[in-house]
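Enquirer: The structure under discussion is supplied below as structure tokens; questions concerning it will follow.
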Amino acid sequence: MKKYTVKSFKMKRSIKKVAVLGSGVMGSRIACHFANIGVNVLLLDIVPKEAGADKKLRNKIVNDALQFALKSNPSPIYRKSFSSRIATGNFEDNMKDIASCDWIIEVVVERLDIKKQVFEQVEKFRKPGTLITSNTSGIPIHLMNEGRSEDFQKHFFGTHFFNPPRYLKLLEIIPTPKTSQEVIDFLMDYGNLYLGKTTVLCKDTPAFIANRIGVFSIMSLFHLVEKMGLTVEEVDKLTGPVLGRPKSATFRTCDVVGLDTLVHVANGVYESCPKDEERDLFKIPGYISKMVANKWLGSKTEQGFFKKVKGAGGKSDIHALDLKTLEYKPSQKIKFATLEATKPIENLRDRMKVLLAGKDKAGDFYRSSFFSLFAYVSNRIPEISDELYKIDSAMNAGFGWDLGPFEAWDALGVAETVKAMEAVGNKPAAWIYDMIKVGIKSFYKVENGIKKYYDIGSKSYKAIPGTEHFILLDNIRANKTVWKNAGTTITDIGDGILNLEFHTKMNSIGGEIIQGIHTAIDMAEKDFRGLVISNEGSNFSAGANVGMIFMMAVEQEWDEVNFAIKAFQNAMMRVRYSSIPVVVAPHNMALGGACEMSMHSDKVVAHAETYMGLVEFGVGLIPGGGGSKEFALRLSDEIKEGDIELNAFRHRFLTIGQAKVSTSAHEAFDLGYLRNGRDLVVVSRARLLAEAKSETILLAEEGYTMPTKRKDIRVLGKQALGLAYLGADSMKSGNYISEHDQKISQKLAYVLCGGDLSAPTLVSEEYLLDLEREAFLSLCGEKKTLERIQSILTGGKILRN
């Protein structure tokens, strides 16, 4: 088979319009993701048999599918208005319109004959040079372009998006021997830079890379469950977050994906891979076959390994399937001594060693599952990939594994693990022994900030292609750390820019992070030219450490509470008023204090998947780190002469009062957390820090000047305060909010209005910060606020008391 390389290059083509052929679950959501990044989309599907000449009926299938996708949760679209970029049509009337498209993506039913029929129609209208791909999870790519023209074959390849395309990072790219190298290079770069994907170049082998390894892992567990007598709940406890994998673990993931889909892929591998040494593990166990026969396929049929059952009082309970009796029983809480031993261990790589050394059933499970997985992936090289890093990348991005198989093996020690594997009959591939023989101790190493992988062919380390565009803190922290404390690390990321990262639990903001902010700004002002605040945690930050506030409030240490609030406000104002630019780069959750930090920065460079909000209302408080002040300031700036001021006030008031959280970075603009014309959205998570650094350099080189403290904030006083009080009173009378909600609303309104001033007045930031702190402090003294905080801390649930 032709071996392809990956080169980084300047793009010679652009994608302005994409045609998606097929509007099913994948097709409609792929269309939405292209709309997310600003591309116009033509979404087509078949004409219903009964449609006749009625144009509306002729597009019924595609329109219904798109509307279903747009209403689904989680949403496939960053912002509702982006759906206007998608035009719909049908194969009979609108296939000719693909002539205006730069990329045509086929997403019809998984049947080779139907795909070939579609491509025959495509070739009649497609303009030369247009990219043409098939989104398939199993059909050999080279079979699809048989009989097609030379230009078609040159621009044809497979693209395997994972569902849902917006959220899952993996994009497998599968060329044929006739695919142009220029096209491959373009798609590898485009997928990462514009679609925000981890692009993995795959060979045209059954199930490609991620599903081949992922489905093997699941199928081997299906058989291991029978052998060890494990329950559904036990396996999900063992294979979830403790391993750095999604909360859905194994069986819940199967329910989400659909058991029929999993069985289809497993059967495909069994039939297509007669030489696979673990082929028998792809045979469907009896209990799985019975589940499929019973239509217990998971979420799509409302029962699979788990199902919701109405309990007492109409409350839904989760029941789990007993794999021996195939009866549903209430889910059980699971405990293993090995898992208990890992609780104090934050670092996943260190945790892996404890898991494998376990002396109980959990330890037996880990040894059996990991040793078979390690042997299997070693034998898939060079069958499915010549480079081992591709297998890890595919599993990281496609299945959400924090550690891919070779990364996990590295954490345990390659040579030591091989000895343990041999003892139980899981002997790895010959190249592993060759690697150990020449003194290579690990699959990866970091050199000068660049992560390199062991290349089997040359028996040497090579840089992972494409990563030269990334700044990965894990790779540079060891040699570039300039200061750290218990909760933060300050790293020199080059070109005169520092980075401040958090590493507290949930990256919550407490004293260590406040100290880190001041220290980072001090250092940057003295010897550098800018600061980025970013991290590589699962979430940017869940907000301020409310547990600390709770303890002080319970002890009625009001001076301490006041000092803590003031310290937080001062840190946020330091972010705003420093002599160097400060750029914040949030991702995933950026709540409460993290949102306030972003709002006080010179610029926010946010990952597209940023869920930002001022959520303090849910714990009986108002934003106290400058968030309430900042909303009053932004309200003052956005009101133009002739605007209806109270409408703008109401929008700001309800955003905080309803604790609204954006479902994407784009929606954060609509909620007022991000600023149009200043803040940016980056689709590629891997490039986020590099982009934030570039923006910081740009601000510095433009001649950054420290802003002047504001004394011209126009607050509305009594006219808006009366509206807010009346609204809260009406909501309370209608039993929509509690008496305590009403009190919090009044406190919030008082701050946003600047107090009960008789007329609109210009005030300073310090004036508003004092009002904000006073309101926050008074609410900390409320019993019902403390009950709300306690509910969050002990059970993670919002209490409406």
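Enquirer: What pairs come out if I take residues in the range 60-89 that are over 22 Å from residue 168 (Cβ atoms) and pair them with residues that are in a helix (DSSP H, G or I) whose C-beta lies under 8 Å away, six or more apart or interchain?
Expert: Going by the 8 Å Cβ cut-off, the qualifying pairs are 88/62; 88/63; 88/66; 89/62; 89/97.
Enquirer: A further question on this structure: Tell me, which residue of the range 629-669 that is hydroxyl-bearing (Ser, Thr, Tyr) and open to solvent by 10 Å² or more (accessible area, probe 1.4 Å) is farthest from the chain's Cα centre (by Cα)?
Expert: Looking only at the range 629-669, we keep the residues that are hydroxyl-bearing (Ser, Thr, Tyr), and these are 636, 655, 662-664.
In the following step, the residues that additionally are open to solvent by 10 Å² or more (accessible area, probe 1.4 Å) were identified as 636, 663.
On the way: 636: 34, 663: 11 Å.
It comes out as 636.
Enquirer: Name the pairs: first residue in the range 307-336 and more than 18 Å from residue 252 (Cβ to Cβ), second residue assigned to a strand (DSSP E or B) and at pLDDT 95 or above, Cβ to Cβ under 8 Å, at least 6 apart or on different chains?
Expert: 327/321
Enquirer: Could you list, in sequence order, all residues of the range 662-717 that are under 13 Å from residue 585 (Cβ atoms) and free of Cβ contacts under 8 Å to residues at least 12 places away in the same chain?
Expert: Within the range 662-717, just 694 meets the criteria.
Enquirer: Does any residue of the range 174-197 turn out to be part of a strand (DSSP E or B) and touching a residue at least 60 places away in the same chain (Cβ under 8 Å)?
Expert: Yes; the residues of the range 174-197 include at least one that is part of a strand (DSSP E or B) and touching a residue at least 60 places away in the same chain (Cβ under 8 Å).
Enquirer: To continue, here is another question. Got a number for residues in the range 715-745 being part of a helix (DSSP H, G or I), open to solvent by less than 60 Å² (accessible area, probe 1.4 Å) and under 18 Å from residue 646 (Cα atoms)?
Expert: Residues that pass the stated criteria total 7.
Enquirer: When the residues of the range 246-262 are narrowed to those that are surrounded by fewer than 20 Cβ atoms within 10 Å (Cβ to Cβ) and touching a helix residue (DSSP H, G or I) at 6+ places or on another chain (Cβ under 8 Å), which ends up farthest from residue 341 (Cα to Cα)?
Expert: Step one: list which residues in the range 246-262 are surrounded by fewer than 20 Cβ atoms within 10 Å (Cβ to Cβ), which gives 246-248, 256, 258, 260-261.
Checking which are touching a helix residue (DSSP H, G or I) at 6+ places or on another chain (Cβ under 8 Å) leaves us with 246-248, 256, 258, 260.
Values: 246: 20, 247: 19, 248: 22, 256: 30, 258: 34, 260: 37 Å.
Looking at the filtered set, the residue picked out is 260.
Enquirer: Residues in the range 229-245 that are part of a helix (DSSP H, G or I), open to solvent by less than 60 Å² (accessible area, probe 1.4 Å) and closer than 25 Å to residue 411 by Cβ: how many?
Expert: 6
Enquirer: If you don't mind, another one. Please find, within the range 544-576, the residue that is surrounded by the fewest Cβ atoms within 10 Å (Cβ to Cβ) out of those that are touching a Gly at 6+ places or on another chain (Cβ under 6 Å) and modelled with pLDDT of 95 or more.
Expert: In the first step, residues of the range 544-576 are kept if they are touching a Gly at 6+ places or on another chain (Cβ under 6 Å); the result is 544-545, 548, 565, 568-569, 572.
After this cut, where a residue has to be modelled with pLDDT of 95 or more as well, the list is 565, 568-569, 572.
Working: 565: 21, 568: 27, 569: 24, 572: 24.
My answer is 565.
Enquirer: Looking at (1) at pLDDT 95 or above; (2) more than 15 Å from residue 646 (Cβ to Cβ); (3) under 37 Å from the mean Cα position of the chain (by Cα), which is the one condition that is false for residue 712?
Expert: Evaluating residue 712 over (1) at pLDDT 95 or above; (2) more than 15 Å from residue 646 (Cβ to Cβ); (3) under 37 Å from the mean Cα position of the chain (by Cα) leaves (3) as the failure.
Enquirer: Which condition does residue 522 not pass, out of (1) closer than 21 Å to residue 512 by Cβ; (2) in contact with an Asp or Glu (Cβ under 9 Å, 6 or more places away or on another chain); (3) surrounded by fewer than 16 Cβ atoms within 10 Å (Cβ to Cβ); (4) not basic (Lys, Arg), if it passes all the others?
Expert: (2)
Yes/no matrix, rows are residues, columns are (1) touching a Leu at 6+ places or on another chain (Cβ under 8 Å); (2) open to solvent by 10 Å² or more (accessible area, probe 1.4 Å); (3) modelled with pLDDT under 95; (4) of a type in the set (Gly, Ala, Ser):
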| residue | (1), (2), (3), (4) |
| --- | --- |
| 347 | no, yes, yes, no |
| 354 | no, yes, no, no |
| 364 | no, yes, no, no |
| 367 | yes, yes, no, no |
| 376 | no, no, no, no |
| 379 | no, yes, no, no |
| 382 | no, yes, no, no |
| 386 | no, yes, no, no |
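Enquirer: Consider residue 34 against the criteria (1) surrounded by fewer than 19 Cβ atoms within 10 Å (Cβ to Cβ); (2) part of a helix (DSSP H, G or I): it satisfies all of them except one. Which criterion is unmet?
Expert: Here residue 34 clears every test but (1).
Enquirer: Quick test of your reading of the structure: residue 435 fulfils all but one of (1) free of Cβ contacts under 8 Å to residues at least 12 places away in the same chain; (2) part of a helix (DSSP H, G or I). Name the failing condition by number.
Expert: (1)
Enquirer: Of all residues in the range 363-407, which are part of a helix (DSSP H, G or I) and among the hydroxyl-bearing types (Ser, Thr, Tyr)?
Expert: The initial filter retains those residues of the range 363-407 that are part of a helix (DSSP H, G or I), namely 363-379, 388-399, 405-407.
If the condition is that a residue be part of a helix (DSSP H, G or I) and among the hydroxyl-bearing types (Ser, Thr, Tyr), then 366, 368, 369, 372, 376, 378, 389, 393 are the ones that fit.
Enquirer: For the range 791-801, give me each residue that is open to solvent by less than 90 Å² (accessible area, probe 1.4 Å) and part of a helix (DSSP H, G or I). If you could, list the steps in order and put the result at the bottom.
Expert: Our first condition is that a residue be open to solvent by less than 90 Å² (accessible area, probe 1.4 Å); within the range 791-801, this holds for 791-793, 795-796, 799, 801.
Residues satisfying the conditions are 791, 792, 793, 795.
The values are calculated or read from the model by the stated rules, or taken from the named source; none is laboratory data. As the structure is a computational prediction, the values presented were derived from the model and not from experiment. When we count neighbours, we look across all protein chains shown, and the Cβ atoms used for this are built from the backbone with ideal geometry, even at glycine. In case anyone asks, the SASA skips ligands and DNA or RNA and just uses the protein heavy atoms, side chains included. Shrake-Rupley method; radii C 1.70, N 1.55, O 1.52, S 1.80 Å.
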